[in-house]
Every structure is written in C-alpha cells, then in structure tokens.
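What follows is a short report on a single structure.
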C-alpha cells in the first residue's frame, strides 16, 4: 500500500560515531505519510541514537534527512514539526496534567484562554479530562503516558517519535495503550515512528517494521513479509524465534480460549 | 547554546581569579631559603610532631564516638532518635574556637567543673586540643555514618539470620565490608578538619603549638607571609591526600537499590544505648550551659548573683553591630554562593561535555583547601587591589571556601532529575532557561534551601579565612570570641558564642520549616 503514498520522511545515509564506536552506519530508509513504523532491535543497536538524530537532539556525522522533500538536517528541533514521547515521560512534575499540556502553547503565541481550551480538548482526546487538575505523581503510569502524548500532540506535529514508551507500564496498561495509540493515529493522521525492543509490540502495531542490528538495517518490511521472508539469520533468531516462543507458550491455551470455556 | 558558553566562561574565570591564581601566588612565595630557615626552627619540628600526634588521636576518638552514636540511632530501638540526632549536630553550629572556649569555661583555672570536682590537671595542652577537636569534628563523622547506616539494605542480614550465622560474624562479614569505604572517607574528612583548624589549639593549646597555630602566629600576628606560605603548603598536603583518597574511594557504600532499609532491633543493648546518647548530649550541652551561667552571673565564682549587665556591656562593646555585620556577610555569602553553586552544578550535572568534567573536578577539589590557606592566598594575591580589606573579599572567600559541599548537594539532586526535561523543552520550543526556572528550580527547591543554610551557618561562624581578610570595619562577630578571651572578658566571649549559636539555630529552624512547607505544597 505504501507505493501509493507520498514519502513523509526520507533518511539518507546517516552515520553517527561516539568516539571510536560507530553507532549508525549509512542508514537510509523512507517513512510514508500516516505510516506506523516500528524500529526494532536489542539495546545498544543504535535505535535511540537514530531517534535523537531524527528529532534534532543529536547531529549526524554525515547524511541528510528530508521531510516533505525539504532538507531538515540542520533545522532546530522545535522547527521540524516533530514531537517525541520519552520512555520515562519527562513530565513537569510541579504542574498539573492540564498545565503540562498547555505550558508550551504559551510560547507559541496563544493567549492564556486559548491555550487552556486547546489543552483541555487534547486531554479529552486522550480520556484524561477528569484528571486535568492532578499532578503527575497522582496519576497511574498509563495516565502519565497519556499526558506525555497529549503534551506532544497539542503542538500538532505531523510526525511523532516514541522512545520505548511502554517499558514502564504493566501488561494491562500496555494493551490498552496499544489500542489508544492506533486510535490517536487514525484520528490525527500522524506519522508515528516507534522505537522498541519488544517483538510482540512491534508486530502487533506496525504497518512496517525496521530491524536494526549494530547500527545497520537488517530488514525493513511489513510484519507479514518479515515472517515469511526473514532477510538473514539475525532477523530469524532475534525476531522470529522469540516471537515463535511466545506463540508456542500461548498455543497451549488456544483450545481452551480466553473466556474460560472449553 | 550561546548563553551556556557565556556562563561557562564566567564560572571558569571566577575559579581562576579567586582560587587558582591566589593559590599559585602563595606557592610562588615559597623559596628554598624560606623553607630551610623554617625547618631549622625548633618550634617547627615540635609543631609537626604535635600536629600529627594530636590530629591522629583526635580523629580516632572522634570516629569511634561518632560511629557508636550513629549505631545507637540506626540499629537500636531507642526513642527520641530525632532529638538525639539534633543534639549531636548542635556543635556544628558554633565556631571551633567556641568549643575550645567552652572547655576553658568548664575545665579552665576557674572553670565550673574544676571548681566542683576540685580538678588539678590543666586543660591547656594536648588534652585540651584533643577534647576540643573531638567536640567539633564528631558531628561531621556522625552525619556521614548515620547516612550510610540508615540506607543499608537489610536483606543480607535476614539471609544470614536464616542461615544461622551469629551476630559477630554478621557484623564482620556484612557490616564491616559495607562500611569500609565510608570509614576511610570519614577518617580523612575528620583528619583534614582537625589538622587545618587553628581555633581550638590557639585557645587551649597552651605550650603545645600545632602547625596551624604556627601559621596563624607567623602570618597574622607577625605578618611573615613567607613562613606562612611554607606552612600553608605543608597543610595542603594532608588535605590533598585526603581529597585524592576520597576521590578514588568513590561510592560510599550506598546501594542504589534498597529492598528494605535495615532497622535491626537491639533489645539487650537498649540501656547502654540510652546511657551513651544521654552522656553525649550532656557533653554537647555542658559548654552551652556554662556559657549561660557565665554571662548571667555577676562574677563567677566570686559573686554568683543573676545579672543582665554583661549582656548590656557586651552589646556596648559592639557585639550588636558586629552581629549585624556577620548577618550581612552570611546572607550575602549564602545568596551569591547558592546561585554560583547552582549554576556550576547545573553545568556539570546536566550539560555534559569535556569542559563540565574539568569543572566538576575543580569544584570538588576546592574542598581540599583549608580556610587558613585560602585566607593567606587571598592576602598575598589581592594585597594591592581595591577589593583588599573590604567586605567583598570576605564574601568571595566564603563563597569559595564553603563551595564544594553545597555544590555536591545540588550535583547529586540535579543528577536525579529526569535528564530529558531540557530536551522536551527544546522540542516544544521552550528555551533551556525557562525550563530551568519553571520546572527544574521548583523540583530542587529543598536542596536550594539546604545550600543556603549551609553557606549561611558556615559564614556565620567561620574564623579561618576571615581572620586574614576581614576589614576592621565591618568586622564579623566570630572574630570577637578570641579577642574577648584575650582581654579576659570571658562573659562577653560566652555571650558572643551563644549569639552565633542562637542565630544558626534560628536559621536551621527556618530551613526546616521551609522544606516542610515545600513538601506540603508539592502534594
């Protein structure tokens, strides 16, 4: 389906070194408009570095980034039209949920009442309207996560990056969050790039998955195609074998079903 | 980014002008002849011997007393722990010279205890230095032990208990290794404190002259900066060694992951623990009480009638003005010191680059420089500048002298604040400065209060650097203790010591209240 879509983001030959170690090596890929792309790899494969380069927190040693055919490699991070949700949310703990979301709006030329209204609408969109007056420490992990997402979306970015956003959540909150993210994507039409080391997460949510290994792209394709045609041994062992193990452990229960009836 | 560079530059320039260059100019004064002539002096040899003997003995005693105190509070189930803890750190609120003066008031020729128990032995000399040094250094050791014992993980003890390991082996196999690094840190911290202090040996040393007193006599009384510089350089050695040992002895045993903090119940040793803590409290309170008697009685021991005339007379001698001076010094030092230490720790803890590593190193190195050495360096370096002998130089010296502890407080706090906050700000289009003021400062406000309190309390009672630097006017009040004692105006010296204690206690109270209010507000 991607063939018919316009490319939102084009990454060309990005290389990044820290001292002697090469973290990213000539990485090139495209992201389609409205796509949900997961970047999957073990810790240390360079996925977080890639994310920080995309958003502009790090400069690549070489390579360019194009967004809507414009070279944004040298743009500052607040003029790229992108947002990011961090693993540990990085909420402003001294502010309420509402203040967290409206804070940045005041710096973007909105009046106080406009900012408040926009922020409140955004909180409603992530189902947090009734908790708007609470400070982060009185919210659950999942609710904090949604404040962080609302704070990012309120500035209308057309691309949102996620840096392992669910690693601190329990399993129930994760399942709820997966659905919610997909809903938000549909609703706002945002392109999402989602970094994770969790195979199941990547395979359940993504339009396409990019598998990173030691700074190189092993494979980038739809979940189905990766299952059918793993590009190399690494993809097979790291991704598919792990996934298979999960499926095996669950298959014991498929005959029972999950509603308790045989 | 431009702003960060400017702040970087200002801080670097500040350290160079007010720390590196003065120290260099002091070291530059040392000549071979000056060194040799000093070494040949018989006084010098005995001073070295006295310093080593008194400091090592006092450190050992201080460490043991402090460890037992911390052990009683953290490992037994005695009551009133917070009261005891507060009592134990009370000596930190008065100048070292007041501790020595307290000894004089208790055990001196006409001391309270001398008269009650008809004591024969003089307090002046080795015993006096020992007692005074222990008095004012043990709270520091106590705080360090207490912090570490409080946060020890107790799962290891539970496991040992299940395995049937007896109490002695639990202590030797779990507690001792856990405390080893702390013990080294405490030992060197206390040792440096005692070696470089001259308040105690100056007042109760008698004929036992230590290096710090020799330096004080040479540099302040005889204005012999050459010999002073040599001794200053020698005093730097233990301080630098202590610093290096501590630096390579990082990680004070605090496990980052505490499943259950150890609160082991000690049934049988409950009574000894009470006795020990109460005895220690009495030792801490004895000088304070004797001060009160001293200035509220007409003429101890001849006329013991109650009077307030000493208070009035002391105020007439200028205590009120001097106190006001000290308050101004302390507030100015605390404000500028807190701002400076915050900027510095922000750069090192949250803007990581090669430069910040160097800055961090300089910041903690400043801990190794004794107050008297700093004072002499300033005298030599700033002698012909307009700031010399002004209030400004006193404030600057305080800022540098007490810099490293508040710096480290903030460095540790900022390191724990979410590292992505500034990134979030940048992506949201909010500048770094705004994030610092709107998000980070509210988060670390309690630490800011503590830093302010630390600078204030120490500036209030310091005598080491300011003895060299303070202008005749405005003169800080702590310097009057020695002066009054020298003029045999004992009541006035006692009153001034208590004034400083009262102000510092008040400040501590205010800081605690502010912190409590902040915790309430955050919820």
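The values are calculated or read from the model by the stated rules, or taken from the named source; none is laboratory data. As the structure is a computational prediction, the values presented were derived from the model and not from experiment. As a convention, Cβ positions derive from the backbone with ideal geometry for all residues, glycine included, and neighbour counts pool all protein chains shown.
Based on this model, can you work out whether residue B:78 counts as within 21 Å of residue B:140 (Cβ to Cβ) and either modelled with pLDDT of 90 or more or touching a helix residue (DSSP H, G or I) at 6+ places or on another chain (Cβ under 8 Å) (or both)? Judged against the criteria, residue B:78 is not a match. Looking at segment A:126-145, is at least one residue within 13 Å of another protein chain (Cβ to nearest Cβ), closer than 30 Å to residue A:223 by Cβ and part of a helix (DSSP H, G or I)? Within segment A:126-145 (the criterion being within 13 Å of another protein chain (Cβ to nearest Cβ), closer than 30 Å to residue A:223 by Cβ and part of a helix (DSSP H, G or I)), the answer is yes, since at least one residue qualifies. Selection over segment B:407-418 of residues that are in contact with a helix residue (DSSP H, G or I) (Cβ under 7 Å, 6 or more places away or on another chain) and either within 12 Å of chain A (Cβ to nearest Cβ) or without any contact (Cβ under 8 Å) to a residue 24 or more places away in the chain (or both) gives a count of 1. Inclusion of residue B:424 among residues that are farther than 25 Å from residue B:373 by Cβ, within 14 Å of chain A (Cβ to nearest Cβ) and not in a helix (DSSP H, G or I) is not warranted. Against the numbered list (1) within 11 Å of another protein chain (Cβ to nearest Cβ); (2) surrounded by fewer than 21 Cβ atoms within 10 Å (Cβ to Cβ), residue A:75 comes up short only at (1). Restricting segment A:93-113 to residues that are at the interface with another protein chain (Cβ under 10 Å from one of its Cβ atoms) and free of Cβ contacts under 8 Å to residues at least 40 places away in the same chain, the residue that is farthest from residue A:134 (Cα to Cα) is A:107.
Just one residue in the set A:161, A:212 is at pLDDT 90 or above, within 17 Å of residue A:37 (Cα to Cα), within 14 Å of another protein chain (Cβ to nearest Cβ) and assigned to a strand (DSSP E or B); that residue is A:161. With respect to residue A:148, determine if the residue is assigned to a helix (DSSP H, G or I) and more than 17 Å from residue A:86 (Cα to Cα). Against the criterion (assigned to a helix (DSSP H, G or I) and more than 17 Å from residue A:86 (Cα to Cα)), residue A:148 does not qualify.
For segment A:168-194, the set of residues classified as away from chain B (no Cβ under 14 Å), assigned to a loop (DSSP other than H, G, I, E, B) and in contact (Cβ under 8 Å) with a residue 60 or more places away in the chain consists of A:189, A:190, listed by residue number. Residue A:140 passes every criterion in (1) within 26 Å of residue A:114 (Cα to Cα); (2) at pLDDT 90 or above; (3) in contact with a helix residue (DSSP H, G or I) (Cβ under 8 Å, 6 or more places away or on another chain); (4) surrounded by fewer than 18 Cβ atoms within 10 Å (Cβ to Cβ) apart from (1). Among the numbered conditions (1) within 28 Å of residue A:224 (Cα to Cα); (2) in the same structural domain as residue A:215 (by TED's automatic domain parsing); (3) touching a helix residue (DSSP H, G or I) at 6+ places or on another chain (Cβ under 9 Å), the only one that residue A:87 does not meet is (2). Between A:242, A:225, the distinction of being touching a residue at least 12 places away in the same chain (Cβ under 8 Å), out of contact with any strand residue (DSSP E or B) (no Cβ under 8 Å at 6 or more places or on another chain) and either assigned by TED's automatic domain parsing to the domain that holds residue A:145 or surrounded by fewer than 16 Cβ atoms within 10 Å (Cβ to Cβ) (or both) belongs to A:242 only. Among the residues of segment A:18-35, at least one is touching a helix residue (DSSP H, G or I) at 6+ places or on another chain (Cβ under 9 Å), assigned to a loop (DSSP other than H, G, I, E, B) and either within 11 Å of chain B (Cβ to nearest Cβ) or crowded, with 17+ Cβ neighbours inside 10 Å (or both).
Looking across B:182, B:192, B:196, one residue alone is more than 27 Å from residue B:481 (Cα to Cα), touching a helix residue (DSSP H, G or I) at 6+ places or on another chain (Cβ under 6 Å) and modelled with pLDDT under 90. It is B:182. In this structure, residue B:18 does satisfy being touching a residue at least 60 places away in the same chain (Cβ under 8 Å), assigned to a helix (DSSP H, G or I) and either at positive phi or crowded, with 17+ Cβ neighbours inside 10 Å (or both). Of all residues in segment B:235-250, exactly one satisfies the criterion of being loosely packed, with under 13 Cβ neighbours inside 10 Å and under 17 Å from residue B:47 (Cα atoms), namely B:237. Remark: residue B:18 matches the filter, which requires a residue to be closer than 30 Å to residue B:400 by Cβ and touching a helix residue (DSSP H, G or I) at 6+ places or on another chain (Cβ under 7 Å). Would segment A:245-261 turn up any residue that is in contact with a helix residue (DSSP H, G or I) (Cβ under 7 Å, 6 or more places away or on another chain), surrounded by 15 or more Cβ atoms within 10 Å (Cβ to Cβ) and part of a helix (DSSP H, G or I)? Within segment A:245-261, not a single residue is in contact with a helix residue (DSSP H, G or I) (Cβ under 7 Å, 6 or more places away or on another chain), surrounded by 15 or more Cβ atoms within 10 Å (Cβ to Cβ) and part of a helix (DSSP H, G or I).
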